[in-house]
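Just below is one structure, and these are the notes that go with it.
What follows draws every value from the coordinates through simple rules; no lab data is involved. Keep in mind that this is a model prediction, so the values were computed, not measured. Here the Cβ positions follow ideal geometry from the backbone for every residue, glycine too, while neighbour counts run over all protein chains shown.
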Amino acid sequence: MTGMRFAPRGYGGHRRDPEQVKRDGWREQGVLAVSVDDDRLTWPEQELVRQLGDKLYGPKASKQEVR
């Protein structure tokens with residue numbers, strides 16, 4: 001016996017980081033996964049992402065709305 005294995009032989013290996021999964025999803029499937037808080041986006045871009053999310057899925061759940 002060679003010890004404990006958590007996956008059958010040939011099924012282990014390299015795990016992609018989340019950014020690579022998002023990049024591949026966009027390039028291969030046309031699916032975009034982006035956080036409204038992504039620091040790479042300008043404020044208008046973040047606002048556009050928020051508005052798209054609200055339109056497609058409804059507003060984000062929040063603890064309390066601040067005015």
How would you order 56-62, 28-34 from highest to lowest mean count of nearby Cβ atoms within 10 Å?
28-34, 56-62
Calculated from DSSP H runs of 4 or more alone, at -39500 (n - 2.57) each and per residue, what is the 222 nm mean residue ellipticity of the chain, nearest 500?
-13000 deg cm²/dmol
Phi-based couplings in Hz for region 17-33 (Karplus 6.51, -1.76, 1.60; Gly and Pro marked x)
6, x, 5, 5, 4, 5, 4, 5, x, 5, 5, 8, 10, x, 9, 10, 10
Checked against the structure, the computed Rg and Dmax of the Cα atoms in Å among [x] 19.1, 65; [y] 18.9, 69; [z] 11.7, 40 is the one labelled [x]
Quote to one decimal, in nm, the extra length available between residue 34 and residue 61 on full extension: 0.36 nm per residue of separation minus the C-alpha distance between them.
8.0 nm
Rounded to one decimal in nm, the spacing of the 7 Å Cα→Cβ label points at residue 26 and residue 6 is 3.0 nm
